[in-house]
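The values are calculated or read from the model by the stated rules, or taken from the named source; none is laboratory data. Everything numeric in this text was worked out from a predicted model, so none of it was measured. Heads up, the Cβs are rebuilt from the backbone with ideal geometry, glycines too, and the neighbour counts pull from every protein chain shown.
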Amino acid sequence: MESLSDSAIMEKVRDGQVEKLAILFERHHVKIFNLFLRLTGSHNLSEDLVQDVFIRILKYRSTYEGKGKFTVWMYRVARNVHVDHLRKNKGTYNLEDQFEEPESEEDSPMHALEQKKDKELIQKALSQLPVKKREALILSRFQDMKYKEIAELFGCREGTIKANIHRAVKQLGEIYLELQGGVPS
Amino acid sequence: MTCKKTQEMFTEYLTGRLSKKEREEIQTHVAECDTCRRELESLTEIWTKLGVLEEERPSDRLRTRFYSMLEQYKQAEEEIVRKEKKGLFSRLKNLWPRKPVFQFALTLGMLVMGLVIGNVWTVIPQQEAVNKALVDEVQTMRQSLAVSLIDQDSASERLQGINMSYTLVNPDDKLLDKLLSTLNSDPSVNIRLAAVEALYLFHDHPKVKKGLIDSLSQQSSPMVQAALIDLMVSIRERRAVDALKSLLEEEGVNPEIKDRAEQGIKRLSF
């Protein structure tokens with residue numbers, strides 16, 4: 001009955017049917033892309049990182065044990081990709097690159113402008129959160145992960161995650177307020 | 001509940017994961033406690049604000065890059081397998097005798113053996129050429145090959161055809177029809193399951209969506225039914241709800257499947 005579960009498919013990939021990775025790609029690439037997009041704010045960079053995640057899944061496929069949820073394992077790979085990227089770039093982003101936007105359909109130019117500003121501001125505030133807090137918050141807010149799963153991913157207790165996410169939201173609120181004060185309305 | 005305890009649950013409250021009872025406890029507490037209410041309000045504000053970061057779609061480039069990476073990886077793997085075979089031959093070199101007399105005898109023996117084997121195995125180089133052509137194949141070639149494999153009598157060949165369709169980015173109608181008819185009428189459960197997996201990749205195609213929904217009522221194997229139900233849920237295909245409902249009413253359907261269909265309906269209607 002488990003023919004379609006992520007885990008069963010990943011086991012097949014591990015055992016040599018690498019073409020089945022395509023199924024996992026189709027299921028998860030948009031989610032991972034959005035995780036990176038929220039972590040980094042850059043479209044191009046996020047696409048590069050998604051590609052890295054799937055390259056690593058292939059490279060380390062033999063280490064997949066099939067215990068626990070596949071997505072937790074996948075997000076662990078994604079976290080490593082992100083951390084390695086930060087290490088390589090020492091956290092310096094090109095600001096021009098960071099807040100680029102795809103062209104969007106807009107109902108009214110003013111409204112779209114407002115929304116764009118809002119988005120930039122919240123993305124900027126997010127990028128000022130310490131990395132771990134940012135990751136935990138995004139995983140919980142957008143990636144539909146339970147505290148238990150995030151704790152498993154980070155290798156810590158559920159209580160720690162709960163407290164950290166609470167602090168992250170608070171801190172984000174403070175940063176956002178500060179940034180808003182600096183922007184003429 | 002104490003303030004500390006209540007506040008600890010705030011972010012979980014925001015994710016909507018708390019039980020009804022827990023939610024009510026928090027609501028009762030904040031109705032009476034100003035400090036906690038302000039805290040919850042400010043958390044809610046920023047939590048909601050995060051909603052402006054809507055889910056976005058990556059460009060098509062990402063998909064193209066992924067599939068070419070996968071293809072390259074497979075080719076590299078095949079290359080490694082070939083090299084490993086070569087490595088075996090170099091180890092055989094150590095078996096070469098030192099004394100010229102034995103060298104001569106062994107050579108003679110090998111010559112005779114070579115003549116015999118050579119006669120029998122002239123087919124091998126041709127086979128390798130075919131394999132190489134397969135590796136280099138362009139999508140269209142793979143496509144027609146997949147179609148013709150799926151037509152074969154042998155189950156393993158049909159399976160091979162379905163596996164081949166995994167690597168295609170834009171399958172044509174002919175292949176999609178073939179996969180759908182395999183899903184509905186192949187005698188082997190395993191092959192029908194493989195067809196479900198392959199069709200999952202192309203679920204964006206309107207024809208495939210409709211075909212998958214229609215197929216639900218035609219399946220008799222619980223395994224295939226379960227796979228189809230899971231698929232509908234994972235692609236959030238709401239139009240499948242009717243088909244799932246009629247599955248519930250049908251007689252002779254495995255009770256476990258009925259359960260699964262019922263859960264599927266719930267998750268799709270959510």
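Results for (1) more than 11 Å from chain A (Cβ to nearest Cβ); (2) part of a helix (DSSP H, G or I), shown as yes or no for each residue.
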{"position": "B:37", "(1), (2)": "yes, yes"}
{"position": "B:43", "(1), (2)": "no, yes"}
{"position": "B:49", "(1), (2)": "no, yes"}
{"position": "B:55", "(1), (2)": "no, no"}
{"position": "B:67", "(1), (2)": "no, yes"}
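Results for (1) in contact (Cβ under 8 Å) with a residue 24 or more places away in the chain; (2) assigned to a helix (DSSP H, G or I); (3) of a type in the set (D, E, K, R), shown as yes or no for each residue.
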site: B:167; (1), (2), (3): yes, no, no
site: B:171; (1), (2), (3): yes, no, no
site: B:184; (1), (2), (3): yes, yes, no
site: B:192; (1), (2), (3): yes, yes, yes
site: B:224; (1), (2), (3): yes, yes, no
site: B:229; (1), (2), (3): yes, yes, no
site: B:245; (1), (2), (3): no, yes, yes
site: B:258; (1), (2), (3): no, yes, yes
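To keep it simple, each residue is scored yes or no on (1) out of contact with any Ser or Thr (no Cβ under 7 Å at 6 or more places or on another chain); (2) part of a helix (DSSP H, G or I); (3) under 23 Å from residue B:194 (Cα atoms).
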| site | (1), (2), (3) |
| --- | --- |
| A:8 | yes, yes, yes |
| A:16 | yes, no, yes |
| A:32 | yes, yes, no |
| A:49 | yes, yes, no |
| A:58 | yes, yes, yes |
| A:71 | yes, yes, yes |
| A:79 | yes, yes, no |
| A:85 | yes, yes, no |
| A:88 | yes, yes, no |
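Find all pairs meeting these conditions: Cβ atoms under 9 angstrom apart; at least six residues apart or on different chains; first residue within region B:74-90 and within 24 Å of residue A:58 (Cα to Cα); second residue assigned to a helix (DSSP H, G or I) and at pLDDT 75 or above.
Close Cβ pairs (under 9 Å, with a partner that is assigned to a helix (DSSP H, G or I) and at pLDDT 75 or above) amount to B:74/A:18; B:74/A:19; B:77/A:18.
Every residue in region A:1-60 that is charged (D, E, K, R) and within 21 Å of residue B:192 (Cβ to Cβ), please. Even if it seems obvious, please write down each step before you answer.
Of the residues in region A:1-60, the ones charged (D, E, K, R) are A:2, A:6, A:11-12, A:14-15, A:19-20, A:26-27, A:31, A:38, A:47-48, A:52, A:56, A:59.
A:2, A:6, A:11, A:12, A:19, A:20, A:26, A:27 - these are the residues of region A:1-60 that are charged (D, E, K, R) and within 21 Å of residue B:192 (Cβ to Cβ).
Please work out if residue A:53 is assigned to a helix (DSSP H, G or I), more than 9 Å from every other protein chain (Cβ to nearest Cβ) and at pLDDT below 95.
On the way: assigned to a helix (DSSP H, G or I): yes; more than 9 Å from every other protein chain (Cβ to nearest Cβ): yes; at pLDDT below 95: no.
For residue A:53, the condition - assigned to a helix (DSSP H, G or I), more than 9 Å from every other protein chain (Cβ to nearest Cβ) and at pLDDT below 95 - is not met.
Could you please let me know if residue A:120 is more than 13 Å from residue B:11 (Cα to Cα), part of a helix (DSSP H, G or I), over 15 Å from the mean Cα position of the chain (by Cα) and more than 8 Å from chain B (Cβ to nearest Cβ)?
yes
Taking residue B:159, is it surrounded by 12 or more Cβ atoms within 10 Å (Cβ to Cβ) and either at pLDDT below 85 or more than 29 Å from residue B:227 (Cβ to Cβ) (or both)? Walk me through it before giving the result.
Numbers: surrounded by 12 or more Cβ atoms within 10 Å (Cβ to Cβ): yes; either at pLDDT below 85 or more than 29 Å from residue B:227 (Cβ to Cβ) (or both): no.
No; evaluated as a whole, the condition is false for this residue.
Quick check on this structure: which one of A:152, A:174 is of a type outside the set (A, V, I, L, M) and more than 10 Å from chain B (Cβ to nearest Cβ)?
On the way: A:174 fails: more than 10 Å from chain B (Cβ to nearest Cβ).
Of the residues listed, the single one that is of a type outside the set (A, V, I, L, M) and more than 10 Å from chain B (Cβ to nearest Cβ) is A:152.
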